[in-house]
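Accompanying notes for the structure given below.
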Amino acid sequence: PLKPIIAPSLLACDFSRLFEESSSVLSADGGASEWLHVDVMDGHFVPNISIGSVVVSSLRKALPQAFLDCHLMVSHPEQWVDDFASAGASQYTFHIEATTSPKGLIDAIRAKGMQVGVALKPGTPASSVFELCDADLVDMVLVMTVEPGFGGQSFMSNMMPKVLELRTKYPALNIQVDGGLGPSTIAAAAEAGANVIVAGTSVFRAPSRKQVTDELRDCVAK
Ligand code: DX5
Ligand code: ZN
């Protein structure tokens, strides 16, 4: 059985208190989650700017054990592999829409010792990553459940057939969902076969971050 993994998205945290916010959700530091999801936006691939490798580097120094799950919503993912590796990123997830040579990019990510994820915008079909998955080149597929760019949007339940299609074809693959996940939407995602859950608003704005995280994980584990 696939391991359930909860990855709170820092996009919803108070950036003026980045260390406290990060450690509050990580299991190794008294929180409850396995991963930390870091949304990187370049104002070009998506209509917003967020954070880059400089911040990842600081996070890595402050949280040596954390799994830093970096989601690159950028136009030239090839350009930032070295910087994110040096900064201490654990996983580098690029968008399939943003590159014409995914295999070369994957080789570069692996050569730097990071895990590899590939992300799909809502309009991109599952079949766009079949070749990569068939060749066992990626550790994770990220199925976006909102249009990338902003936190706090509504979950697109019409992405669940895409998750189910990937889960049916690849029983052992980490499948991540990102956007609008919380206690009221987790059942649909879990049912479709997602095992890695990004949650920004629902975790960081909750009265008890631990309680929500545990609730999400329990639902995936069922
Ligand atoms: C959207 C980001 C998501 C987002 C999730 O572009 O990739 O990670 O922060 O936030 P919520 O959980 O609030 O939808
Ligand atoms: Zn994300």
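Would you confirm, using the coordinates I've provided, whether Thr124 is of a type in the set (Ser, Thr, Tyr), touching a strand residue (DSSP E or B) at 6+ places or on another chain (Cβ under 9 Å), within 20 Å of Trp35 (Cα to Cα) and surrounded by 15 or more Cβ atoms within 10 Å (Cβ to Cβ)? Considered against the rule, which asks whether it is of a type in the set (Ser, Thr, Tyr), touching a strand residue (DSSP E or B) at 6+ places or on another chain (Cβ under 9 Å), within 20 Å of Trp35 (Cα to Cα) and surrounded by 15 or more Cβ atoms within 10 Å (Cβ to Cβ), Thr124 comes out as no. If Val129 meets every condition in (1) surrounded by 20 or more Cβ atoms within 10 Å (Cβ to Cβ); (2) aliphatic (A, V, I, L, M); (3) within 16 Å of ligand 2 (Cβ to nearest atom); (4) under 19 Å from Pro77 (Cα atoms) apart from one, which number is that one? Evaluating Val129 over (1) surrounded by 20 or more Cβ atoms within 10 Å (Cβ to Cβ); (2) aliphatic (A, V, I, L, M); (3) within 16 Å of ligand 2 (Cβ to nearest atom); (4) under 19 Å from Pro77 (Cα atoms) leaves (3) as the failure. Might you let me know whether segment 40-60 holds any residue that is acidic (Asp, Glu), in contact (Cβ under 8 Å) with a residue 60 or more places away in the chain and surrounded by 16 or more Cβ atoms within 10 Å (Cβ to Cβ)? There is no residue in segment 40-60 that is acidic (Asp, Glu), in contact (Cβ under 8 Å) with a residue 60 or more places away in the chain and surrounded by 16 or more Cβ atoms within 10 Å (Cβ to Cβ). All of (1) touching a residue at least 60 places away in the same chain (Cβ under 8 Å); (2) surrounded by fewer than 20 Cβ atoms within 10 Å (Cβ to Cβ); (3) of a type in the set (A, V, I, L, M, F, W, C); (4) more than 8 Å from ligand 1 (Cβ to nearest atom) hold for Phe150 with one exception: (4). Taking (1) more than 15 Å from ligand 2 (Cβ to nearest atom); (2) surrounded by 18 or more Cβ atoms within 10 Å (Cβ to Cβ); (3) farther than 18 Å from Ala98 by Cα in turn, Pro8 satisfies each apart from (1). With respect to the stated conditions, Ala188 fails to be surrounded by 21 or more Cβ atoms within 10 Å (Cβ to Cβ), more than 16 Å from ligand 2 (Cβ to nearest atom), farther than 30 Å from Glu20 by Cβ and at pLDDT 95 or above.
Scanning for something hydrophobic (A, V, I, L, M, F, W, C), under 18 Å from the mean Cα position of the chain (by Cα) and under 18 Å from Val38 (Cβ atoms), does segment 182-191 turn up at least one residue? No, because not a single residue in segment 182-191 is hydrophobic (A, V, I, L, M, F, W, C), under 18 Å from the mean Cα position of the chain (by Cα) and under 18 Å from Val38 (Cβ atoms). Restricted to segment 65-96, and to residues that are polar (S, T, N, Q) and over 13 Å from Ile109 (Cα atoms), which residue is nearest to ligand 1 (Cβ to nearest atom)? Ranking the candidates gives Ser75 first.
The values are calculated or read from the model by the stated rules, or taken from the named source; none is laboratory data. All values reported here derive from a predicted model rather than from experimental measurement. Here Cβ is always computed from backbone atoms with ideal geometry, including for glycine, and neighbour counts include all displayed protein chains.
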